[in-house]
Amino acid sequence: MNIKQIFENNRSWVEEKLKLDANYFKDLSKGQNPSILYIGCSDSRVTAEEMMGVQPGEAFIHRNIANMVPNGDLSSMSVINYAVKFLGVKHIVICGHYFCGGIKAAMEPADLGILNPWLRNIRDVYRLHKDELNSITDEEKKYMRLVELNVQEQCINVLKTSIVQLAVRDNGLTVHGWVFDVHSGKLIDLKINFDKILEEIMEIYRLNDHA
């Protein structure tokens, strides 16, 4: 794929949309009203909108290496704040994917330079679930399970934030953990029992004063 081809593809796409609806871009320019904030991986094989079958304006998208929501990351925290406070999303989805390069890199002891601090967040997930992961002898299954546990921990990081706590309490916001199976193309809902997990930790993170 070269750059010139991208612009040719864009012209074809515009023509196709206008044939279906002459006001398509005029209506699109009026604003967005997404109900979902999707936080996924930057992997080029995973296309969020196409995978979910949503149209422009229906999902607010944030992507980074290994779909992380580190506590000190201003980018992801700003996205969450904007999506919840100003767009009023009803759902926040953390979506990982099997055979994730970021997860695989974090499982190896190599020095990857500027990536090291980012990958340490994934290694912290491994540390938290070391007993379960070390009991898995099949390396591929261990790798896939770490993908799932990373999604779980990033969901917890989302639920730690004050703005999400407030939206869950007052507006019924819900958080979801998904995995995309690259082999089958299917989305998998991990059906994480957040009530059970948060019961053990939220006395530390819960903020009572939301005024």
Task: Cα gyration tensor shape for the chain, rounded if a/c is under 1.5, else prolate or oblate - done: oblate
- [ ] Could you tell me which of ASN71, LEU87, MET51 has its Cα farthest along the dipole of the chain towards the positive end, charges placed at Cβ (Lys, Arg +1; Asp, Glu -1), taken about the Cα centre?
- [x] LEU87
TODO: Hey, for a label at PHE86 modelled as a point 7 Å past Cα toward Cβ, could you say which residues of region 24-59 have their backbone N under 12 Å away?
DONE: 32
Open item on the list: Can you work out the Karplus-derived ³J(HN,Hα) for every residue in region 132-139? Use 6.51 cos²θ - 1.76 cosθ + 1.60 with θ = phi - 60°, whole Hz, and x for glycine or proline.
Closed with: 5, 5, 5, 7, 8, 7, 7, 4
Open item on the list: If I model a spin label as a point 7 Å beyond the Cα along the Cα-Cβ vector, how far apart are those points for ILE201 and ASP124 in nm?
Closed with: 1.0
Task: Rel. contact order, % - alpha carbon contacts under 8 angstrom, at least six apart, the chain - done: 20
Task: Karplus-derived 3J(HN,Hα), 6.51/-1.76/1.60, for each residue of region 184-189, Hz, glycine and proline x - done: 10, x, 8, 8, 10, 7
Open item on the list: Give me the percent relative contact order of region 1-85, please, defined on Cα pairs under 8 angstrom at least 6 residues apart.
Closed with: 25
Open item on the list: Through the Karplus equation 6.51 cos²θ - 1.76 cosθ + 1.60, θ set to phi - 60°, convert the phi angles of region 10-18 into ³J(HN,Hα) values in whole Hz; use x for Gly and Pro.
Closed with: 5, 4, 5, 5, 4, 4, 5, 5, 5
Task: Degrees between helix 194-205 axis and first principal axis of the chain (Cα, 0 to 90, nearest 10) - done: 70
- [ ] Calculate the dipole size of region 1-143 relative to its Cα centre from +1 charges on Lys and Arg beta carbons and -1 charges on Asp and Glu beta carbons; express the result in debye to the nearest 20.
- [x] 360
Task: Helix-only CD estimate at 222 nm, as mean residue ellipticity for the chain, using -39500 (n - 2.57) per DSSP H run (n ≥ 4) - done: -15500 deg cm²/dmol
Task: Subset of LYS141/LYS196; LYS90/LYS141; LYS104/LYS130; LYS160/LYS191; LYS90/LYS186; LYS90/LYS142 violating a 21 Å alpha-carbon distance limit - done: LYS141/LYS196; LYS90/LYS141; LYS90/LYS186; LYS90/LYS142
Task: Qualifying chymotrypsin sites (Phe, Trp or Tyr not before Pro) for region 37-97 [loop in DSSP, other Cβ within 10 Å: at most 10] - done: PHE86
TODO: Find the centroid of the Cα atoms in region 18-53 and in region 145-211, then give the distance between the two in whole Å.
DONE: 24
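Read-outs: derived from the displayed coordinates by stated rules, not from any lab. All of these numbers come straight from a predicted model, not from anything done at the bench. Ideal geometry is used to build each Cβ from the backbone, glycine not excepted, and the neighbour counts take in all protein chains shown.
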